[in-house]
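Scroll down for the structure; my scribbles are underneath it.
The values are calculated or read from the model by the stated rules, or taken from the named source; none is laboratory data. Everything numeric here is computed off the predicted structure, so don't read it as measured data. Counting neighbours? That spans all protein chains shown, and the Cβs are built from the backbone with ideal geometry, glycine included. We work out accessible area using only protein heavy atoms, side chains counted, and drop any ligands, DNA or RNA first. Shrake-Rupley method; radii C 1.70, N 1.55, O 1.52, S 1.80 Å.
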Amino acid sequence: MKQIAVLLAEDHAIVRQGLHLLVEAAGDIKIVGEAKTGREAVQMTRELQPEIVVMDIAMPLLNGLEATRQILKAFPKMKVLILSAHSDSEYVEQAVKAGALGFLVKQSSGDVLAKAIRELHLGKTFFTPSIAKRLKDEYQKSADGVGLRKKSGTELTSREAELLQLIAEGQANKQIASELAISIKTVEKHRQNLMEKLNIHDIAGLTRFAIAAGIIESSVQSTIAEDAPSK
């Protein structure tokens, strides 16, 4: 069984070691490197080219959000999962804008973290349930609660909705072209038209829109510590 290669970026040694043990206990995930600073995370991503980067936000020298931006600028197909002690809307929004496909609070269990890594590996998103709901509510509010109709006259066609789902699921242009039996050039044209139609010009924004519109679901699990009822 091929293991999912993960780079772990966390500045606290004891937390990093604990996460390492928890994740590798899953069996199908391999920690290929550990970064103690944001700069080190960017450098190690270049050297090791893992499939997933698990990134803390509060990192020395270069914060996790900027490290995420630099990583995704160099490797657009890389998948970043934010694991943070903070779940404020501002942090979450910045993480999504930076291109992260998932956001977990550190109270999450090892099983949930492993599940999140697997979901990102499949090209999906994964957010702590309360965060996923907040993202959906905020985006629907900003879109005036009209789902696929962001404005009058901007209803998506069936093909546009299909393309949006594939983009939001992390499919590359070549994969989309194969799935839809069209040329890569046609995919690029459709993608540009879709962005102009929705006035959204980045993949993170399209992903948020797709979640809010119900085109894709954020892969979440209801039994996360943050959302569990107090005993």
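Looking at segment 59-84, which of the residues that are part of a helix (DSSP H, G or I) and of a type outside the set (A, V, I, L, M) is surrounded by the fewest Cβ atoms within 10 Å (Cβ to Cβ)? Explain how you work it out, then say what you get.
The first filter runs over segment 59-84 and keeps only residues part of a helix (DSSP H, G or I), leaving 64-74.
Adding the requirement that they be of a type outside the set (A, V, I, L, M) leaves 64, 66, 68-70, 73.
Values: GLY64: 31, GLU66: 17, THR68: 28, ARG69: 19, GLN70: 19, LYS73: 12.
Only one residue tops the list, namely LYS73.
When the residues of segment 14-48 are narrowed to those that are in a loop (DSSP other than H, G, I, E, B) and open to solvent by 60 Å² or more (accessible area, probe 1.4 Å), which ends up modelled with the lowest pLDDT? Reasoning before the result, please.
Let us first name the residues in segment 14-48 that are in a loop (DSSP other than H, G, I, E, B), namely 25-28, 36-37.
Next cut, open to solvent by 60 Å² or more (accessible area, probe 1.4 Å) only: 25, 36.
Working: ALA25: 87, LYS36: 93.
So the residue we want is ALA25.
Has segment 49-58 got at least one residue that is open to solvent by 70 Å² or more (accessible area, probe 1.4 Å), in a strand (DSSP E or B) and either free of Cβ contacts under 8 Å to residues at least 40 places away in the same chain or closer than 26 Å to SER130 by Cβ (or both)? Spell out the reasoning first.
Within segment 49-58, the subset open to solvent by 70 Å² or more (accessible area, probe 1.4 Å) is 49.
Cutting the leftovers down to in a strand (DSSP E or B) gives us none.
Looking for residues that are open to solvent by 70 Å² or more (accessible area, probe 1.4 Å), in a strand (DSSP E or B) and either free of Cβ contacts under 8 Å to residues at least 40 places away in the same chain or closer than 26 Å to SER130 by Cβ (or both), one finds none in segment 49-58, hence no.
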Original post:
Of all residues in segment 178-199, which are within 18 Å of LEU122 (Cα to Cα) and either acidic (Asp, Glu) or in contact with an Asp or Glu (Cβ under 9 Å, 6 or more places away or on another chain) (or both)?
Top reply: GLU179
**OP:** Give the residue that is farthest from THR207 (Cα to Cα), with candidates limited to residues of segment 103-125 that are among the charged types (D, E, K, R) and in a loop (DSSP other than H, G, I, E, B).
**Re:** LYS106
**OP:** For residues that are in contact with a helix residue (DSSP H, G or I) (Cβ under 8 Å, 6 or more places away or on another chain) and either over 19 Å from ARG69 (Cα atoms) or in contact (Cβ under 8 Å) with a residue 60 or more places away in the chain (or both), tally how many sit in segment 194-204.
**Re:** 7
